[in-house]
Amino acid sequence: MSHAYKAPPLALMGLEPMRAMLEYVSAGFMDRSRLPTGDGHPVVLFPGLGADALAMEPLRRCCSDLGYEACDWGRGCNTGPRGDMEGWLDLLTEGVAATVAQRGRRVSLIGWSLGGIYAREIARRRPELVRQVITLGTPFAGRCEHTNVGVLLQMLSGRMPALDAALLARLALTPPVPTTSIYSRSDGVVAWQACCEAPGPNAENVEVQASHVGLVWHPQVWAVVADRLAQPEDGWQPYAQAQQPS
């Protein structure tokens with residue numbers, strides 16, 4: 001996919017707080033009675049940059065109410081990679097391996113924004129642990145200039161992560177497990193084009209209308225997540241409304 005695009009306009013980013021608040025409120029009024037229930041397999045949620053378990057709690061609770069053993073990643077606020085990227089990803093992978101060993105079943109990983117990068121890389125390292133990956137507004141196919149989060153990342157971690165060309169190329173590759181990328185063309189933080197998978201039998205892009213911050217609370221996102229989690233193990237099928245972006 002071409003990288004001839006830019007980060008979202010700052011004006012769109014400025015609307016993020018108001019839009020996210022409305023999406024948070026709308027989630028509270030969502031009728032979840034028609035969402036498919038789960039088979040009890042474990043689900044691990046990875047927060048976006050600057051977010052923590054509190055921000056992910058509404059989605060975690062939704063997954064739990066649907067019958068899954070849903071849990072937060074357990075590492076507090078996501079301030080970016082701690083130490084070198086590869087060592088950090090190895091540490092996160094060990095945490096998921098421990099969850100699988102404890103629960104005795106493969107996990108589904110849900111990652112919001114930067115958290116989705118973590119989820120994809122864990123699945124790449126240990127695909128036998130992972131049932132599927134679902135990302136929300138994760139710019140795995142882009143670069144720093146395709147987002148408006150560089151300043152925040154530097155404030156939280158004290159430095160910008162070193163991402164060489166080889167690592168960037170790897171991040172864009174689809175993990176070897178069923179993978180769903182949920183994205184919004186009105187995302188005010190990351191370029192939506194950077195969140196899109198290349199076509200493949202186990203990869204899909206699902207478009208929603210949401211802010212970046214509100215993706216994790218959006219009723220439409222919850223409906224997609226519920227549908228994806230309900231896919232039978234080793235029997236994954238694409239989302240009925242999924243489409244390749246143009």
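The values are calculated or read from the model by the stated rules, or taken from the named source; none is laboratory data. Quantities reported herein were computed from a predicted structural model and do not represent experimental measurements. Every residue, glycine among them, receives a Cβ derived from its backbone with ideal geometry; neighbour counts consider all protein chains shown. To get the accessible areas, we keep the full protein, side chains included, count just its heavy atoms, and leave off ligands, DNA and RNA. Shrake-Rupley method; radii C 1.70, N 1.55, O 1.52, S 1.80 Å.
Structure data summary
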| read-out | value |
| --- | --- |
| Helix runs (DSSP H) in the chain reaching 30 Å along axis by Cα, Kyte-Doolittle at least 0.5 | none |
| Debye intensity ratio I(q)/I(0), log10, the chain, q values 0.07, 0.08, 0.09, 0.13 Å⁻¹ (C-alpha model) | -0.20, -0.26, -0.33, -0.73 |
| GNM result for the chain, Cα springs below 10 Å: residue of 74, 142, 235 fluctuating most strongly | 235 |
| Antiparallel bridges, percent of DSSP beta bridges restricted to the chain (to nearest 5) | 10 |
| Helix-only [θ]222 nm of the chain, DSSP H runs n ≥ 4, -39500 (n - 2.57) each, per residue, nearest 500 | -11000 deg cm²/dmol |
| Spin-label model distance (nm) - residue 54 vs residue 82, 7 Å beyond Cα toward Cβ | 1.9 |
| Inter-label distance, nm, simple model (7 Å from Cα along the C-beta direction), residue 10/residue 186 | 2.3 |
| Contact order normalised by residue count of the chain, Cα under 8 Å, 6+ apart, percent | 25 |
| Summed side-chain charge close to residue 212 - residues other than residue 212 whose Cβ falls under 12 Å, Lys, Arg +1, Asp, Glu -1 | -1 |
| Förster radius 30 Å - calculated FRET efficiency between residue 61 and residue 237, Cβ distance, rounded to 0.05 | 0.65 |
| Accessible-area ranking of 227, 90, 234, largest first, probe 1.4 Å | 234, 90, 227 |
| Kirkwood hydrodynamic radius of the stretch 52-149, Cα pairs, Å | 14.1 |
